[in-house]
Amino acid sequence: MAEITQLSLHVPEPAVRPGGQPDFSTVKIPKAGSVPRPEVDAAPETIRDLAYSIIRVLNRDGEAVGPWAGLLSDDDLLTGLRNMMKLRAFDARMLMAQRQGKTSFYMQHLGEEAVSCAFRKALSKGDMNFPTYRQAGLLIADDYPIVEMMNQIFSNESDPLRGRQLPVMYSSKEHGFFTISGNLATQFVQAVGWAMASAIKNDTRIAAAWIGDGSTAESDFHAALAFASTYKAPVVLNIVNNQWAISTFQGIARGGSGTFAARGLGFGIPALRVDGNDYLAVYAVSRWAVERARRNLGPTLIEYVTYRVGAHSTSDDPSAYRPKTESEAWPLGDPVLRLKKHLIVRGAWSEERHTQAEAEIMDEVIRAQKQAEAHGTLQAGGKPSVRDIFEGVYAEMPAHILRQRQKAGY
């Protein structure tokens, strides 16, 4: 008779606890330019390796190398740099405003600016993003007025959402930014549904879904993959792997798949991992996936390997669950500094111009903040009126329905 073995539960543990030495030895970083670029119509089973590698363009010397390089002009790159710098300055001012009690909470993008700013440049007008609370770069890179973003954060009398959303949960149909869901992961399956509807209508617009590494443990994530795969929805499925969920390391949500991108393989979805701190690589991979969706070739799953430098939100203290020096040890560097270095290497930028641009952008953000703070609250006491809350939420009843109701005595 076989010996009976007692069962034991496996609980993943982070490599390092607070007070320990940061360790990113498990993040295998290939040489920049070494990962091949497949044809857009490549069969998913032929590119499985891309779900386990990391696509990189910028090398340690600031040079753009390899098959994913060469897609952006100097002007494009300068625009991208300014967008990331504006998002960083915006973050700094809004974080300060929260500390001063001007808004209830705020969520930074520090270290993740390249992900949303570069992705937006691969889209077209009319395409729709279903974001999380850390993709404000999608709006900034599409020239959405930052004063409007601040109005929403402060929920003042010029708040475009009239007090109907939490701070940092913006919405703009014109700029392809579906209002953010506070229920994590729900937006992932919504994006697939929107993309399916676009295909049913024989439209030309595609959708982009966004989710954090922690939220991939939610059932909505898996439902979205199933529907996107089955119906070949024109959608780009984005996972922002910034190493930490609210206070939980990525190993809990990742399970035994090895990488988050590998989750797509079981659904027959092309899956790629990209250096999320490399603006050029993010743009190149995003453009590849967007073209695939646009050509009716179905969904693509992208994992952006990046790092959340700041706290999850102003309500979070990361020192309670990770080493204080961990961000300094992150091997993929800072997206702003890396693009800045690349432009200097190309002769299109300089330290002096960068310093000047930082001051100009901060002045622009401060002016916008003063303008937003000059607006009063929705009404005395800071609370929206009933009309503020419900106006625009419910559609007006069609005239023929009103007539029918009147005839029926309603």
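Phi angles of the range 46-58 translate, via the Karplus equation with coefficients 6.51, -1.76, 1.60 and θ = phi - 60°, into HN-Hα couplings of 8, 10, 4, 4, 5, 7, 10, 9, 9, 6, 10, 10, 7 Hz per residue; Gly and Pro are given as x. The M96 and K324 beta-carbon pair, evaluated with R₀ = 22 Å, returns a calculated FRET efficiency of approximately 0.55. Dimensions of the range 76-132 based on its C-alpha atoms, expressed as ranges along the principal axes with the largest first, amount to 38, 26, 17 Å. Inter-label distance, E174 to V11: 5.2 nm, where each label sits 7 Å from its Cα along the C-beta direction.
Given +1 at the Cβ of Lys and Arg, -1 at the Cβ of Asp and Glu and no other charges, the dipole of the chain around its Cα centre is 820 debye to the nearest 20. Applying the criteria of a DSSP loop state and at most 11 other Cβ atoms within 10 Å to the trypsin sites (Lys or Arg not before Pro) of the range 65-137 yields K125.
Simple spin-label estimate for Q21 and I4 gives 4.5 nm between the two label positions (7 Å along the Cα-to-Cβ direction from each Cα). Add +1 for every Lys or Arg and -1 for every Asp or Glu among the other residues with Cβ under 12 Å from the Cβ of G62, and state the total. Overall, the nearby charge balance is +2.
Per DSSP helix of 4 or more residues, -39500 (n - 2.57); summed, then divided by the residues of the chain. What does that give at 222 nm, rounded to the nearest 500? Don't skip to the answer; put the middle values down first.
Working: 13 runs with 147 residues, N = 410.
Rounded to the nearest 500, the figure is -11000 deg cm²/dmol.
In plain terms, the chain is cut at each of the GluC sites (Glu not before Pro) found in a DSSP loop with at most 12 other Cβ atoms within 10 Å, and the longest leftover piece is 175-390. Pairs exceeding 28 Å between alpha-carbon atoms, taken from K125/K201; K125/K341; K28/K341; K31/K125: K125/K341; K31/K125. Comparing I239, I361, I302 in a Gaussian network model of the chain, where Cα atoms under 10 Å apart are tied by springs, the biggest mean-square fluctuation is seen for I361.
Secondary structure note: in the chain, about 15% of the DSSP beta bridges are antiparallel. A straight Cα-to-Cα reach below 25 Å connects K370 with the lysines K86, K102, K383, residues fewer than 8 places away in its own chain not being considered.
Could you work out the local net charge near Y321, counting Lys and Arg as +1, Asp and Glu as -1, over the other residues with Cβ closer than 15 Å to its Cβ?
Details: positive: R17, R308, R322, K324; negative: E13, D23, D213, D316, D317, E326.
Result for the neighbourhood of Y321: -2.
Set against the 2.2 N^0.38 Å expectation for a compact globular protein, the range 246-375 has a Cα radius of gyration ratio of 1.38. Coordinate range of the alpha-carbon atoms in the chain per principal axis, descending: 75, 65, 49 Å.
Within the chain, which whole H helices from DSSP have a Cα span along their axis of at least 20 Å and a mean Kyte-Doolittle hydropathy of 0.0 or more, if any?
Details: long enough: 74-99 (38 Å, -0.35); 186-200 (22 Å, 1.00); 279-294 (22 Å, 0.14); 351-373 (33 Å, -1.28).
Helices meeting the criterion: 186-200, 279-294.
Just to be sure I understand: with springs between alpha-carbon atoms less than 10 Å apart, which residue in A15, A228, A399 has the highest mean-square fluctuation in the Gaussian network model of the chain? Looking only at A15, A228, A399, the biggest GNM fluctuation is shown by A399.
Within a Cβ distance under 10 Å of I211, other residues only, what is the Lys/Arg minus Asp/Glu net charge?
Values: positive: none; negative: D213, E218, D220.
Around I211, the surrounding residues sum to -3.
Under a Gaussian network description of the chain, with springs only between Cα atoms under 10 Å, the residue in D334, D61, D127 that fluctuates furthest is D61.
Bear in mind these aren't lab numbers, they're just calculated from the coordinates by the rules spelled out. Treat the numbers as computed from the prediction; the structure is a model and nothing was measured. In this analysis, Cβ positions are derived from the backbone assuming ideal geometry, glycine residues included, and neighbour counts consider all displayed protein chains.
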